[in-house]
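Q: Supplied in structure tokens, the structure appears directly below.
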Amino acid sequence: MWWCQPEAVVEYGNPAAEILEVAKQRGADLIVLGVRDANKRMGAATHLEWSTAHKVVAQATCPVLTVRGQRAVEL
């Protein structure tokens, strides 16, 4: 049995604003956010001020966990 009930929510609009609003409305304890590298630069996805991940991390009132997928190996 899970110690919490994870929920997937679909909303439309500005991604960062909607993520933050849903987290606020539901009293989220944690936001888990999948990110991609912006322009193939390490860490850019959470450090560029215009990125969704940066806005969520900077403005969230609860912890934000960002996760990346494995990189494809070019042969």
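Q: Starting at the first residue of the range 24-35, write each ³J(HN,Hα) from the Karplus equation 6.51 cos²θ - 1.76 cosθ + 1.60 with θ = phi - 60°, in whole Hz, x for Gly and Pro.
A: Each residue's phi maps through the Karplus curve to give 5, 4, 9, x, 4, 8, 7, 10, 10, 10, x, 10 Hz.
Q: From the phi of every residue in the range 10-18, what ³J(HN,Hα) in whole Hz does the Karplus formula 6.51 cos²θ - 1.76 cosθ + 1.60 yield, where θ is phi - 60° and glycine or proline is x?
A: 3J(HN,Hα) across the range 10-18, in whole Hz: 10, 9, 10, x, 5, x, 5, 4, 5.
Q: Would you please give the residues with an amide H less than 5 Å from that of residue 66, counting only those at least 5 places away or on a separate chain, with H modeled from the backbone geometry?
A: When sequence neighbours closer than 5 places are left aside, the close amide H contacts are 33.
Q: A further question follows. How do 20, 65 stack up against each other in accessible area, from largest to smallest, with a 1.4 angstrom probe?
A: These residues rank, largest area first, as 65, 20.
The values are calculated or read from the model by the stated rules, or taken from the named source; none is laboratory data. Just so you know, these numbers come straight off a predicted model, no measurement behind them. Heavy atoms of the whole protein, side chains included, go into the accessibility calculation; ligands, DNA and RNA do not. Shrake-Rupley method; radii C 1.70, N 1.55, O 1.52, S 1.80 Å.
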